[in-house]
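Data block below; observations after.
Just so you know, all these numbers are worked out from the coordinates, no wet-lab data involved. These numbers come from a predicted model, not from an experiment. Cβ placement follows ideal geometry from the backbone for every residue including glycine, while neighbour counts extend to all protein chains displayed.
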Amino acid sequence: MMWAPPPVQTGFGPGSSLEYAGVLSRFVAWFVDGLIIGLVSLLLMAPIYLVALGTVDWSQIAVTGYQTGGSARLIAFSGLWALTLVGTAIQVILDLAYFVLQWTSGARATLGMRLMHIQVATATDGQTLTREAGLRRWVAMGRWISIFGAIPILGSLAGIVAFVWQLALLISTATSPVRQGLHDRFAGSGVVQPVGTSNNGCVVACLVVVGIIVAVSVVSIVALILLGGQVSGILSRVGSSI
């Protein structure tokens, strides 16, 4: 899909083969991309989690009081926190690379956007986004806020801030005549689709979502099976320490 020559400054007008992408199409694409990133992150981090969780002394976490020594519990909690922080950092880096590299590629669209037949480019002339513009758009989307969710004190606040910001992006996109949310305005980008695009993309996207959910479920079951022996040992240690 190529961007039509702009008859006006916005790049759209009578006779154009493109129109601004609808909010529903963009939301579905965003949701599919989120599932893909989550699945890849899970596959990357699962081996690390399996090894790391087996080294945690769970009895120190389950026991209350100070009879076992506060330093041991502190070490156990620190290990879990460090593991969570590393996992979150990896997911944020993956998220950054996933979106920016695909927005600025020749396709000018992520995998989810391709399913919905939409693409993103500069709003004025339809040129491919530069890496700088792609980075600005990603930052404005606020997906990096999740890194603060791994910090115990800031976790809840970060979740609230992320939710409110995503809601603001959704509202600003839906109320804009040219469907430019705050993130698009900050990056100078626009999202379009071919005129008269059918809803077949939604059907395909839904099938992809189901497939990803099934894949995540399979991975989770395999992880539980691999952890089975460790879980028994953990419960045994916890039971004997209480």
Using 0.36 nm times the number of residues separating residue 85 and residue 195, minus their current alpha carbon distance, what extension gain do you get?
35.2 nm
Would you please give the residues with an amide H less than 5 Å from that of residue 19, counting only those at least 5 places away or on a separate chain, with H modeled from the backbone geometry?
193, 195
So what's the net charge close to residue 172: Lys and Arg +1, Asp and Glu -1, counting the other residues with Cβ under 11 Å from its Cβ?
+1
Quickly work out the residue 101-to-residue 168 label distance, labels modelled 7 Å from Cα along the C-beta direction, and quote it in nm with one decimal.
3.0
Residue 181: net charge of surrounding residues, Cβ under 11 Å, Lys/Arg +1, Asp/Glu -1, itself excluded?
+3
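How would 175, 110 line up from fewest to most surrounding beta-carbon atoms within 10 angstrom?
Working: 175 10, 110 24.
Exposure proxy ranking, most exposed first: 175, 110.
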Cβ-Cβ cut-off under 10 Å around residue 129, Lys and Arg +1, Asp and Glu -1: the net charge is +3
Long-range amide H partners of residue 127, meaning residues 5 or more apart or on another chain whose placed amide H is closer than 5 Å, are 122
